[in-house]
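I have a structure I would like to understand better, so I am pasting it below and will then ask my questions one at a time.
The values are calculated or read from the model by the stated rules, or taken from the named source; none is laboratory data. Note that this is a predicted model, so its numbers are computed, not measured. Heads up, the Cβs are rebuilt from the backbone with ideal geometry, glycines too, and the neighbour counts pull from every protein chain shown.
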Amino acid sequence: MILHGYWRSSAAYRVRIALALKGLAYEQVNHDLRTGAQSAPDYTALNPQHLVPTLEVDGLILTQSLAIVEWLDERHPTPALLPADADGRAIVRAMATTIGADIHPLHNLRVLKRLRSDFAADEAAVNAWIAEWMTAGFAALEPTIEKHGRGFAYGNAPTIADCFLVPQLYAAARFGVDTTPYPVLAAAGAKAAAVAAFAAAHPSRQPDAD
Ligand SMILES: N[C@@H](CCC(=O)N[C@@H](CS)C(=O)NCC(=O)O)C(=O)O
């Protein structure tokens, strides 16, 4: 298995967590997003969206972190990263989608670049933009985790919701977004981040980290 990623990518971080939770060995091929390596022809042949991550498995090419993590969970069912019941699965997928579809895309590198280049946004405006969308998502997740979490974001064991939450909290720290108004969310993220598999997937522990 080959994971194409980048140390600071939240989406690749999600997949690294899932791989580590499943105890799966893999090779990393990293693409420095700062230099535009995600748009090199060899890589866009794998991922036409010019985004990381991509997972290569015996000729199968998988993109989109949620699809990859769900594929890993189906192919390698232990430990399960989704609840056994349909109701629980829908709630976990909703949490992951809040992060993966409604928060993260708004502070992705290409969006921030366009804000700076085409909309004359200075760093203060960019940071305010990031904080607005991240806090809107966190504010929605806080009562959901309060209702469904039992230490972790959902229930009492890591799920896909935690695979998404921990990288999002890393991004919050990186961009200076205050998480103190979301104590339940922050506590769930801290609990998951302390699990060995999550710690091993941390950006600072990746071979391309600087
Ligand atoms: N929805 C995609 C998002 C992937 C994504 O946005 N990746 C970012 C890094 S976290 C990226 O490659 N950005 C490159 C760019 O913006 O040019 C997923 O979950 O895999």
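From the list Thr44, Thr78, Thr63, Thr97, pick out the single residue that is within 26 Å of Pro143 (Cβ to Cβ) and either modelled with pLDDT of 95 or more or within 14 Å of the chain's Cα centre (by Cα) (or both).
Thr97
Can you go through Pro79, Pro83, Pro48 and tell me which one is assigned to a loop (DSSP other than H, G, I, E, B) and more than 20 Å from Ile160 (Cβ to Cβ)?
One residue alone meets the criteria, Pro48.
Let me ask another. Look through region 148-179, keep the residues that are assigned to a helix (DSSP H, G or I) and not hydrophobic (A, V, I, L, M, F, W, C), and return whichever of them is farthest from Leu112 (Cα to Cα).
Out of the qualifying residues, it is His148.
Need the failing condition index for Gln28 against (1) without any contact (Cβ under 8 Å) to a residue 40 or more places away in the chain; (2) out of contact with any helix residue (DSSP H, G or I) (no Cβ under 8 Å at 6 or more places or on another chain), just the number.
Status for Gln28: all satisfied but (1).
Looking at Ala18, Ala101, Ala94, Ala67, can you tell me which residue is under 17 Å from Ala192 (Cβ atoms) and either of a type in the set (Ser, Thr, Tyr) or assigned to a helix (DSSP H, G or I) (or both)?
Ala18
Can you tell me which residues in region 112-139 are surrounded by fewer than 16 Cβ atoms within 10 Å (Cβ to Cβ) and in a helix (DSSP H, G or I)?
Lys113, Arg114, Arg116, Ser117, Asp118, Glu123, Ala124, Ala125, Ala128, Glu132, Ala136, Ala139 - these are the residues of region 112-139 that are surrounded by fewer than 16 Cβ atoms within 10 Å (Cβ to Cβ) and in a helix (DSSP H, G or I).
Identify, please: which residue in region 21-40 is within 22 Å of Pro77 (Cα to Cα) and assigned to a loop (DSSP other than H, G, I, E, B) and is, among those, nearest to the ligand (Cβ to nearest atom)?
This residue is Tyr26.
Looking at region 50-63 only, could you name the residues that are without any contact (Cβ under 8 Å) to a residue 24 or more places away in the chain and crowded, with 17+ Cβ neighbours inside 10 Å?
Matches in region 50-63: Leu62, Thr63.
If you don't mind, another one. Here are some residues: Arg14, Arg8, Arg75. Which one is near the ligand (Cβ under 9 Å from one of its atoms) and over 18 Å from Thr97 (Cα atoms)?
Arg8
Now, a different point. All but one of (1) in contact with a helix residue (DSSP H, G or I) (Cβ under 7 Å, 6 or more places away or on another chain); (2) exposed (fewer than 15 other Cβ atoms within 10 Å of the Cβ) hold for Pro181; state the number of the condition that does not hold.
Answer for Pro181: the failing condition is (1).
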